[in-house]
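Undergrad: Quick one: this structure, given as structure tokens, is what I'll be asking you about.
The values are calculated or read from the model by the stated rules, or taken from the named source; none is laboratory data. All of these numbers come straight from a predicted model, not from anything done at the bench. A quick note on method: Cβ atoms are made from the backbone with ideal geometry, for glycine too, and the neighbour counts reach across all protein chains shown. Ligands, DNA and RNA are stripped out before the accessible areas are found, and what is left, the full protein with its side chains, is counted by its heavy atoms. Shrake-Rupley method; radii C 1.70, N 1.55, O 1.52, S 1.80 Å.
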Amino acid sequence: MKTKFLTLLLLLGVLSISAQENIIGFSKKASEAELQLEAEFEKQLSADNLDQWMKRMAAEPHWVGTAYGEENVKWMEKQFKSWGYDTRIDTYHVLFPYPKVRLLELTAPTKYTASLEAIPVEGDPYTAQGDKLLPSYNAFSTDGDVKAELVFVNYGIPSDYEELEKLGIDVTGKIVIAKYQGSWRGIKPKLAAEKGAIGCIIYSDPMDDGYYQGDVYPKGPYKNKTGVQRGSVMDMPLYPGDVLTPGYAATKDAKRLNREDAPTITKIPVLPISYEDAQPLLEALEGPVAPASWRGGLPITYHIGPGPAKVHLKLEFDWQLKPAHNLIATLKGSEFPDQWVMRGNHHDAWVHGASDPISGMVALMEEARVIGNLAKKGQKPKRTLVYCAWDAEEPGLIGSTEWVEDHRAELQQKVVAYINTDGNSRGYLGAGGSHSLQAMVTQVANTVVDPQKGVSVAERRMATNTVRGGDGSFKLSALGSGSDYTPFIQHSGIASLNLGYGGEGSGGEYHTIYDTYTHYTRFKDPGFQYGVALANTAGLITLRLANAEVLPFELTQWHSTVDGYLGEVMKTLESMRSEVEKHNKLVQKDVYQLTMDPKKPVAPAKMEAEIPYLDFSPLQNMIADLKKSIDTYAKADLMGLSATKKAQLNQALMGMEQVLLQDKGLPRRDWFKHQIYAPGFYTGYGVKTLPGVREAIEQKEWKEAQEQIGVLATTLKNFDAEVQKLIGLTK
Ligand SMILES: [Zn+2]
């Protein structure tokens, strides 16, 4: 009954679309043909395939360099070949550390040795594979053997160190223990080392993804007391990819840095642990009680230290070059073979990786299968499709980064857009990326039907956004980092998207031995309905980019987004100014000292330097100029142009995102060249928009901020010149 009801809604969904306006980039006639093709595509997607393939690919651990990882690549290659794709495996040789020695002990005031071992659970045979499971560790921690007093630093992010400073606590020469979350994990050892700490421990507090959130595995999806999140701590905001070959491909004979000189390996040893192992350490701390917002879900009083707890942390790794195998599968376009639409998802996992990344990988494969099938029956895409399965994403986006560095010039010539997926689960559509694609993605999201509610996935997401206090509109988020789109958009200026469903499949399995087929099919997406929804969403976007007469880039929404970012940055500066003014007044009136509890002394508050005014006018003027140009372009009748003009326009549109790069890159990290989006230097995955200007302001580098305003204004001026060219082509 339920199925029939949904089928009816699906039909209605398709019907309501054909009654709509044309698809962006398609004439009326071409829209009809495209919608027919899309309906056929949707009809052939099968959840059973996703289920079977996940069971196969996530049967054993398959991190980079493993035999099972290589088997997966060869097996996928066979599938793609059978669907009509030309395939090749591009292999790079990348540094990958495997843990040899992992020792963590509390040496005073009591003794405890951390077990560092997650237990197998009943009903999930994958967790009982013993030695096959990868030990828990943080990849690209340096080797080290350190003994020191312990300090609890909350999440170990910049605001936490400000709080510690107020309390008069210095971490120099100490080992810090930080909770997971609050930032990307690699920020924690990076900041701890900058503050003088000599070691770093990261643990998962039950408040964040353990029993405080819900029942723990195997009863529920959350982290049990022994679960440990693995993960990379490479300094990816500097540059991702192979640590020994920055900016160029890690081919067999490439010139490599010495490991001691690799700037993206951590400066201090760092180890992740479970809350079972963390509790004795935290319990042994004294000193001030942690601020209320720092306390977690353990049945203890959280103290900060330092000491009397003393710990010994010893780590040694086997540093070896490992082969990273990227599978590249190509379906040649019938009309524009030299224009590529690229899709990618990584295939390597920390352990079994049923959710991360296989749930996204199998959706990509199902999409490719059906498109291959349609092509065999004569419905070939007009542009070339390139499907990629990346290796070594988990240790630092390595497979994709090396491949993009190897082929950058060709990709900048040929790629229309790159569409990334990764882990997927039940819930709402998450979509981020280049805002020139926002209008097109919105149209697709309006046509894909939510498997649980029967409304479009756009409508469902907008409803959620409204309930959570947003403005209820459908917008793309800005891309920071955290998956394989980074080398495409940030380094090469290729328009990119990142897609995935989620929000109703939360748990504590991420990067642990519990991210298995059993866990996934019980808690994340039983029945793989959202896997099919992902294949459908990404597939429609791919097909539209592949078949459009005029590439579906739209600049009005791009402009309003960038204008909004400028407003935010200006507001940031203003609120910093009023904060400092307020703070200094309170210091002058001695308010902090008068309210301080003499039994809990804190360091005396200091006057802060005043916040200067910056001249934003070069940016404000450019944004205004761009508005006029983009409004003119938006009025042009693109569908009425000749085939030659359309072809010229498409060539120009393909290069638009690259105009947003500056070749010398961002200050202190020239690998990151995009001037609109970048991962934050101190947030890791978290995005910073207009990064050059915004980060200089946040770091109070006033001279640099004014310089970066100039750099960004030049970038926007170049963009305006390109829009003028587009206008010229429409005449
Ligand atoms: Zn992933």
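Undergrad: I'd like the full set of residues that are in contact (Cβ under 8 Å) with a residue 40 or more places away in the chain, touching a strand residue (DSSP E or B) at 6+ places or on another chain (Cβ under 7 Å) and more than 16 Å from the ligand (Cβ to nearest atom), limited to region 459-495. Please lay out each step first, then the result.
TA: Our first condition is that a residue be in contact (Cβ under 8 Å) with a residue 40 or more places away in the chain; within region 459-495, this holds for 475-495.
Remaining after also requiring touching a strand residue (DSSP E or B) at 6+ places or on another chain (Cβ under 7 Å): 476-481, 483-485, 488-490, 493-495.
Correct list: LEU476, SER477, ALA478, ILE489, GLN490, GLY493, ILE494, ALA495.
Undergrad: For SER456, only one of the following conditions fails: (1) open to solvent by 10 Å² or more (accessible area, probe 1.4 Å); (2) within 16 Å of the ligand (Cβ to nearest atom); (3) closer than 24 Å to PHE553 by Cα; (4) of a type in the set (Gly, Ala, Ser). What is its number?
TA: Evaluating SER456 over (1) open to solvent by 10 Å² or more (accessible area, probe 1.4 Å); (2) within 16 Å of the ligand (Cβ to nearest atom); (3) closer than 24 Å to PHE553 by Cα; (4) of a type in the set (Gly, Ala, Ser) leaves (2) as the failure.
Undergrad: Those residues that are out of contact with any helix residue (DSSP H, G or I) (no Cβ under 7 Å at 6 or more places or on another chain) and within 12 Å of the ligand (Cβ to nearest atom), I need them from region 341-350; list them, please. Steps first, answer last, please.
TA: Let us first name the residues in region 341-350 that are out of contact with any helix residue (DSSP H, G or I) (no Cβ under 7 Å at 6 or more places or on another chain), namely 342, 350.
Across region 341-350, the qualifying residue is only TRP350.
Undergrad: Which of (1) open to solvent by 10 Å² or more (accessible area, probe 1.4 Å); (2) in contact (Cβ under 8 Å) with a residue 12 or more places away in the chain; (3) more than 16 Å from the ligand (Cβ to nearest atom) is the odd one out, the single condition ILE328 does not satisfy?
TA: (1)
Undergrad: Working only within region 638-666, note down all residues that are farther than 15 Å from THR730 by Cβ, open to solvent by less than 60 Å² (accessible area, probe 1.4 Å) and either among the hydrophobic types (A, V, I, L, M, F, W, C) or without any contact (Cβ under 8 Å) to a residue 60 or more places away in the chain (or both). Talk me through it step by step, then tell me what you get.
TA: The first filter runs over region 638-666 and keeps only residues farther than 15 Å from THR730 by Cβ, leaving 654-655, 657-666.
Pick out the ones that are also open to solvent by less than 60 Å² (accessible area, probe 1.4 Å) and you get 654-655, 657-662, 665-666.
Of everything in region 638-666, those that are farther than 15 Å from THR730 by Cβ, open to solvent by less than 60 Å² (accessible area, probe 1.4 Å) and either among the hydrophobic types (A, V, I, L, M, F, W, C) or without any contact (Cβ under 8 Å) to a residue 60 or more places away in the chain (or both) turn out to be MET654, VAL659, LEU660, LEU661, GLN662, GLY665, LEU666.
Undergrad: Return yes when LEU649 is in contact with a helix residue (DSSP H, G or I) (Cβ under 7 Å, 6 or more places away or on another chain) and at positive phi and no when it is not. Full working, then the answer.
TA: Details: in contact with a helix residue (DSSP H, G or I) (Cβ under 7 Å, 6 or more places away or on another chain): yes; at positive phi: no.
No.
Undergrad: What about THR127, is it open to solvent by 20 Å² or more (accessible area, probe 1.4 Å), within 23 Å of ASP348 (Cβ to Cβ) and outside any loop (DSSP other than H, G, I, E, B)?
TA: On the way: open to solvent by 20 Å² or more (accessible area, probe 1.4 Å): no; within 23 Å of ASP348 (Cβ to Cβ): yes; outside any loop (DSSP other than H, G, I, E, B): yes.
So THR127 does not fit the description; no.
Undergrad: Do you know which residues across region 586-605 are within 28 Å of GLU701 (Cα to Cα) and either among the aromatic types (Phe, Trp, Tyr) or surrounded by fewer than 11 Cβ atoms within 10 Å (Cβ to Cβ) (or both)?
TA: Passing the criteria: GLN588, TYR592.
Undergrad: Of all residues in region 520-532, which are open to solvent by less than 10 Å² (accessible area, probe 1.4 Å) and either modelled with pLDDT under 95 or under 22 Å from the mean Cα position of the chain (by Cα) (or both)?
TA: Let us first name the residues in region 520-532 that are open to solvent by less than 10 Å² (accessible area, probe 1.4 Å), namely 520, 525, 528, 530-531.
Within region 520-532, TYR520, ASP525, TYR530, GLY531 qualify.
Undergrad: Checking the condition surrounded by 18 or more Cβ atoms within 10 Å (Cβ to Cβ), away from the ligand (no atom under 16 Å from the Cβ), within 30 Å of ILE89 (Cα to Cα) and of a type outside the set (A, V, I, L, M), which residue from GLU367, GLU276 passes? Quick ask: steps written out before the conclusion?
TA: Values: GLU276 fails: within 30 Å of ILE89 (Cα to Cα).
Checking each option against the conditions leaves just GLU367.
Undergrad: Exactly one condition in (1) out of contact with any Pro (no Cβ under 7 Å at 6 or more places or on another chain); (2) at pLDDT below 95 is false for PRO237; which is it?
TA: The one condition PRO237 does not meet is (1).
Undergrad: Would you check if there is a residue in region 411-429 being within 12 Å of the ligand (Cβ to nearest atom) and open to solvent by 10 Å² or more (accessible area, probe 1.4 Å)?
TA: From region 411-429, those within 12 Å of the ligand (Cβ to nearest atom) are 420-424; that's our starting set.
Now restrict to residues that are open to solvent by 10 Å² or more (accessible area, probe 1.4 Å): 422-423.
Within region 411-429, one or more residues are within 12 Å of the ligand (Cβ to nearest atom) and open to solvent by 10 Å² or more (accessible area, probe 1.4 Å).
Undergrad: Considering only residues that are of a type in the set (Gly, Ala, Ser) and surrounded by fewer than 22 Cβ atoms within 10 Å (Cβ to Cβ), look in region 667-695 and name the one that is nearest to GLU405 (Cα to Cα). Reasoning before the result, please.
TA: Here is the first cut: in region 667-695, the residues of a type in the set (Gly, Ala, Ser) are 678, 680, 684, 686, 692.
Subset that is surrounded by fewer than 22 Cβ atoms within 10 Å (Cβ to Cβ): 680, 686.
Details: GLY680: 22, GLY686: 23 Å.
Here the residue is GLY680.
Undergrad: Still on this structure, please answer the following. Keeping to region 65-105, report how many residues are of a type in the set (Asp, Glu) and more than 26 Å from GLY378 (Cβ to Cβ). Can you show your working first?
TA: Step one: list which residues in region 65-105 are of a type in the set (Asp, Glu), which gives 70-71, 77, 86, 90, 105.
With the extra rule that they be more than 26 Å from GLY378 (Cβ to Cβ), the set shrinks to 70-71, 90, 105.
The qualifying residues number 4.
Undergrad: Output the residue which, of all residues in region 279-314 that are outside any loop (DSSP other than H, G, I, E, B) and touching a Ser or Thr at 6+ places or on another chain (Cβ under 8 Å), is least open to solvent (accessible area, probe 1.4 Å). Show your work before the answer.
TA: Taking region 279-314 first, the residues outside any loop (DSSP other than H, G, I, E, B) are 279-283, 289, 292-294, 303, 310-314.
Next, from what is left, pick out any that are touching a Ser or Thr at 6+ places or on another chain (Cβ under 8 Å): 280, 289, 310-312.
Values: PRO280: 32, VAL289: 75, LYS310: 98, VAL311: 1, HIS312: 20 Å².
Among those residues, the one meeting the criterion is VAL311.
Undergrad: Tell me which of these THR110 doesn't satisfy, since it passes every other one: (1) farther than 30 Å from PRO221 by Cα; (2) open to solvent by 20 Å² or more (accessible area, probe 1.4 Å); (3) outside any loop (DSSP other than H, G, I, E, B).
TA: With respect to (1) farther than 30 Å from PRO221 by Cα; (2) open to solvent by 20 Å² or more (accessible area, probe 1.4 Å); (3) outside any loop (DSSP other than H, G, I, E, B), THR110 is out only on (3).
Undergrad: Answer yes if at least one residue in region 571-584 is of a type in the set (S, T, N, Q) and crowded, with 16+ Cβ neighbours inside 10 Å, and no otherwise.
TA: Checked region 571-584: at least one residue is of a type in the set (S, T, N, Q) and crowded, with 16+ Cβ neighbours inside 10 Å.
Undergrad: Anything in region 133-166 that is crowded, with 17+ Cβ neighbours inside 10 Å and part of a loop (DSSP other than H, G, I, E, B)? List them, or say none.
TA: LEU133, LEU134, SER136, TYR137, PHE140, SER141, THR142, VAL153, ASN154, TYR155, GLY156, ILE157
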